[in-house]
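J.: So that we are looking at the same thing, I have put the structure below in structure tokens.
The values are calculated or read from the model by the stated rules, or taken from the named source; none is laboratory data. In this text, all values refer to a predicted model and were calculated from it rather than measured experimentally. Cβ placement follows ideal geometry from the backbone for every residue including glycine, while neighbour counts extend to all protein chains displayed. Just the protein is used for accessible areas: all its heavy atoms, side chains included, with ligands, DNA and RNA removed. Shrake-Rupley method; radii C 1.70, N 1.55, O 1.52, S 1.80 Å.
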Amino acid sequence: PAVSDQVLIVINSATSANAGMDQTVCGNMVTLAASPATGTWSGGAGTFSPNNTTATATYTATPAEVGTTVVFTWTVPDPDGAGPCMGSTDMVSITFDPPATVTAGPDQTICGTTMVTLAGSVGGGATSGTWSGGTGTFNPDNMTLNAVYTFSPSEILAGSATLTLTTNDPAGPCPAVNDQALLMVNSATTP
């Protein structure tokens, strides 16, 4: 007599993690975009909000991570937990560019002179700055952060000048920024 037996074959779908595209962001925050929706983020020393098991978590970098590239891994588990399919992982690199910073220095009141030494500064992703505004002159030039500004006759008559210090445009997604300083000029009194 013939003997038969049956074999049940179950085909499980393999997982395929996708951590999203590598990117460069300005500042210390990025919204991650992984699929599928079930998985776990790892990497970095900062914080995931609302948590590291959210595919679209917002990651806040630590101060030490700004100016660097951080690699994150999205790990998707075995779909049924019983095998034979394994979970999968994918990595994404995020570069955190530091934003440009600028200060034009404090507002100043000058008495008895028509010149003032400016006190501008730039930082973050910015490497230089340019003064604008006013009708006076900058010595040695308007690209010197601590230039000496000489008021024009019309500014002396008006009693003030507003100068703006604008950073260079850093490479990457961070924009240039600016700040203003109000310079008041008073004529010296004579007894």
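J.: Return yes or no: is T95 surrounded by fewer than 13 Cβ atoms within 10 Å (Cβ to Cβ), within 21 Å of P175 (Cα to Cα) and among the β-branched types (V, I, T)?
T.: no
J.: Could you check, for the stretch 108-129, whether at least one of its residues is touching a strand residue (DSSP E or B) at 6+ places or on another chain (Cβ under 9 Å), open to solvent by less than 60 Å² (accessible area, probe 1.4 Å), under 30 Å from T53 (Cβ atoms) and modelled with pLDDT under 95?
T.: No - not one qualifying residue is present in the stretch 108-129.
J.: Under 6 Å between Cβ atoms, at least 6 apart or on separate chains: pull out the pairs that start in the stretch 170-191 with a residue that is part of a loop (DSSP other than H, G, I, E, B) and end on any residue that is at pLDDT 95 or above and exposed (fewer than 15 other Cβ atoms within 10 Å of the Cβ).
T.: A176/D169
J.: Residues of the stretch 148-160 being part of a strand (DSSP E or B), under 12 Å from T137 (Cβ atoms) and open to solvent by 10 Å² or more (accessible area, probe 1.4 Å), which ones?
T.: V148, T150
J.: Also: Identify, by number, the condition in (1) assigned to a strand (DSSP E or B); (2) open to solvent by less than 40 Å² (accessible area, probe 1.4 Å); (3) within 30 Å of E65 (Cβ to Cβ) that L163 doesn't meet.
T.: (3)
J.: Condition first: open to solvent by less than 60 Å² (accessible area, probe 1.4 Å) and among the hydrophobic types (A, V, I, L, M, F, W, C). Now tell me which residues in the stretch 135-147 satisfy that.
T.: Within the stretch 135-147, F138, L145, A147 qualify.
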